[in-house]
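The values are calculated or read from the model by the stated rules, or taken from the named source; none is laboratory data. Keep in mind that what you see is a predicted model, and the values were worked out from it rather than measured. Here Cβ is always computed from backbone atoms with ideal geometry, including for glycine, and neighbour counts include all displayed protein chains.
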């Protein structure tokens, strides 16, 4: 048996390239199918036989094989959006009457799902301080079913003490889930740190071209994988072969692109730190960040997404500043080749930690693949226009 290469970039370049999937090409075939013909009548009801397109095609199999290399997890499930990747574990594992703990800094639509669907379903949702660490043990109840984390947190970029929380969950028999989209599975390996299920939006860094939607869930547990698979099947979830193909194409270059995103992001963040109009940068890879030590312990690199608190006296001129930018697009997504920025205050919500200590208006920057000096020049002229 040939040993796998040590480096992730090499493994992603060569994953899922056996001839059964590629038919001799470098890339897998793009197989579109709804109806599937089986060889015999008995095969129609054989659970191990492919009988319908919603169950996946050769294209989906290739993507799952390659994604499994990303998070070092043999079990990978595909869904049609990052939001579904975040919400499926709740639907797969939680039941009416259960109690779930959710980090207070999670992705807005995940929080909305918890506040609307989960509570209507009869689950009790409790939001916890993102910095709780091992003290989460005090929040575990007999009916606590699941803990959901996001690290770094959406908008405010706190780093969770993932190993400490995972250890508590293991001892208590509680399922731990983390949204790992920021690191794209490259810079953080949650399952190796003890997390049960790692999820991410493949719409972001993995696909990298802002032209497709998708999500993925990873685990090493056959039992949890079976529950996720059953929930996806019961809900009729599927991913188009075209989207699967595009996501796999982006995955091949992910480590190289993330290296550029991270380096450019740090360069822009350092420049912003020196501006009088900026009160604080929220970027765990900066030595001045309060979460830097945790980031350095658990992560091997940084993405190009970070936060920026403007000076309080710019509170009334945030929109004016954003509208002056020429190279930064105003858009909610991130992880593509294009640089984006949004004003976060209108969507910032907290329950357990009501005050997040923001000095002024909060912006979120996604640094793309443009030359960072050009992005800095764009920021400079926008500040100067004020």
**Asked** What number of residues in region 21-43 are on the phi < 0 side of the Ramachandran plot and loosely packed, with under 11 Cβ neighbours inside 10 Å?
**Response** 9
**Message:** Can you tell me which residue is farthest from residue 211 (Cα to Cα) among those in region 345-374 that are surrounded by 20 or more Cβ atoms within 10 Å (Cβ to Cβ) and under 20 Å from the mean Cα position of the chain (by Cα)?
**Reply:** 363
**Pair list, Cβ under 8 Å, 6 or more apart: region 106-123 residue in the same structural domain as residue 154 (by TED's automatic domain parsing) and surrounded by 14 or more Cβ atoms within 10 Å (Cβ to Cβ), other residue in a helix (DSSP H, G or I) and at pLDDT below 95** = 108/347
**Prompt:** If you scan region 287-297, which residues turn out to be under 21 Å from the mean Cα position of the chain (by Cα) and surrounded by fewer than 21 Cβ atoms within 10 Å (Cβ to Cβ)?
**Reply:** 292, 296, 297
**Pairs with Cβ under 7 Å, 6+ apart, first in region 1-21 and within 13 Å of residue 254 (Cα to Cα), second in a helix (DSSP H, G or I) and modelled with pLDDT under 80** = none
**Message:** What's the total number of residues in region 316-329 that are free of Cβ contacts under 8 Å to residues at least 24 places away in the same chain and touching a helix residue (DSSP H, G or I) at 6+ places or on another chain (Cβ under 6 Å)?
**Reply:** 0
**Request:** Those residues that are touching a residue at least 60 places away in the same chain (Cβ under 8 Å) and surrounded by fewer than 21 Cβ atoms within 10 Å (Cβ to Cβ), I need them from region 302-315; list them, please.
**Result:** 314
**helices (runs of 4 or more DSSP H) completely within region 4-100 that count 1 or more residues being at pLDDT 90 or above, in the same structural domain as residue 245 (by TED's automatic domain parsing) and farther than 22 Å from residue 246 by Cβ** = 82-93
**Request:** Might you let me know whether region 347-369 holds any residue that is at pLDDT below 95 and not in a loop (DSSP other than H, G, I, E, B)?
**Result:** yes
